[in-house]
Structures are given as structure tokens and as C-alpha cells.
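The structure appears below as C-alpha cells.
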Amino acid sequence: MNDSGRAVRALIRRYGILELARLVVVHDELDLPVGTVRVKLGGGTAGHNGLRSIEAHVGGAGFARVRIGIGHPPGRGDGARYVLSAPRGTEREALAVSVEEAADAVELVLRHGVDAAMNAVNGR
């Protein structure tokens, strides 16, 4: 995942995506509560190595993002270990629902554009 930019670059070349805004990346987000789904265009990496790799390999940050909140590790826990660990109990249920919501958000982006998806999804 940390080097996902290589695969993304190959896919945008294969499918002829010339504008970064037409690329949609779905990713986990520590800064959102568990189960929250948000859509945005562009932005920083917030320390997310996968996003950093994608930006480096596609030449910018102007792609659409569907962010799935996973929350912060408890206490001062290690972020990397937390991201790689299996979700527990209610977190697992919330994440299952948010994955479905994220899929719906991707469809909204593709059918109606990022702005419409942001208005529909981010207001929940």
C-alpha cells in the first residue's frame, strides 16, 4: 500500500486518464471517526504513505478522494500498528457499512462529479 503510486500511474496510463480530477482514490483516514465517509478533491497526505506515493507517481494531488474514517489509535498507540491491525467488534460493523457508503460515493463522483458527491456525502 505504501508504494501504491506505481500501480495507480500504470492504471491512469492504461485508461488514458489525462486529468487528475478524473482519478478517484479510496483510502483510510486516521483523522476521521470510525465509519465516517467524506469526499474531497485534492489535499495533503496527512502522513499517509500511500497518498504520498500516488502524488509522487501521478505528478500532483488534484485527484478525488473518498476517505473512510478509521479513527486514532487508543492512547498514544502506534499509528502504523493500529492501521494494520484488525478492527474489533463495533468498529468492524461500522467499517463494513462505511465501505458500502464509500462505494456509493465513488458512484456519485463518477456519475455527477466531485462537487455533487461532496454535497451529498459530506453533509451526513
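Evaluate the relative contact order of the chain (contact order divided by residue number), counting alpha-carbon pairs under 8 angstrom at least 6 apart; express in whole percent.
Details: 182 pairs, mean separation 40.3, N = 124.
So the answer I get is 32 percent.
Just rank T90, T36, T45, fewest to most, by other beta-carbon atoms within 10 angstrom.
Taking fewest neighbouring Cβ atoms as first place, the list is T90, T45, T36.
For the chain, modelled as a Gaussian network with Cα springs under 10 Å, which listed residue fluctuates most, H112, H27, H72?
H112
Are there any chymotrypsin sites (Phe, Trp or Tyr not before Pro) in the range 10-107 that are in a DSSP loop and have at most 16 other Cβ atoms within 10 Å? List them by number.
Hits after loop and neighbour filter: Y15.
Could you identify which residue out of A80, A94, A105 has the top mean-square fluctuation in a GNM of the chain using Cα springs shorter than 10 Å?
Of A80, A94, A105, the Gaussian network model singles out A80 as fluctuating most.
Which one, D31, D78, D104, has the greatest fluctuation when you compute a Gaussian network model over the chain with C-alpha springs under 10 angstrom?
Per the Cα network of the chain with a 10 Å cutoff, D78 tops the list.
So for M1, M118, fewest C-beta neighbours within 10 Å to most, what's the order?
Ranking M1, M118 by Cβ neighbours within 10 Å, fewest first, gives M1, M118.
Determine the percent antiparallel among the DSSP beta bridges restricted to the chain, to the nearest 5.
45 percent
Taking mean projected area of the Cα convex hull in nm² straight from the coordinates, which label in (1) 8.9; (2) 10.5; (3) 7.7 is the correct one?
Entry (3).
Using the alpha-carbon atoms, what tilt in degrees (0 to 90, nearest 10) does helix 89-112 show relative to the longest principal axis of the chain?
Approximately 20 degrees, to the nearest 10.
For the charge dipole of the range 5-121, defined by +1 on Lys and Arg C-beta atoms and -1 on Asp and Glu C-beta atoms about the Cα centroid, which residue among A96, G59, V39 has the Cα displaced farthest towards the positive pole?
Most positive-ward Cα: G59.
With n ≥ 4 as the cut-off for DSSP H runs, can you work out [θ] at 222 nm for the chain, using -39500 (n - 2.57) per run divided by the number of residues, rounded to the nearest 500? Walk me through the numbers on the way to the answer.
Working: 5 runs with 58 residues, N = 124.
Helix-only estimate at 222 nm: -14500 deg cm²/dmol.
Report the extension gain between V97 and A21 in nm, rounded to one decimal, defined as 0.36 nm multiplied by the number of residues separating them, less their alpha carbon distance.
Roughly 24.7 nm would be gained on extension.
Read the figures in this text as sums done on the coordinates, not as results from a lab. On a predicted model such as this, the values are computed, not experimentally measured, just so you know. Backbone-built Cβ (ideal geometry, glycine too); neighbour counts: all protein chains shown.
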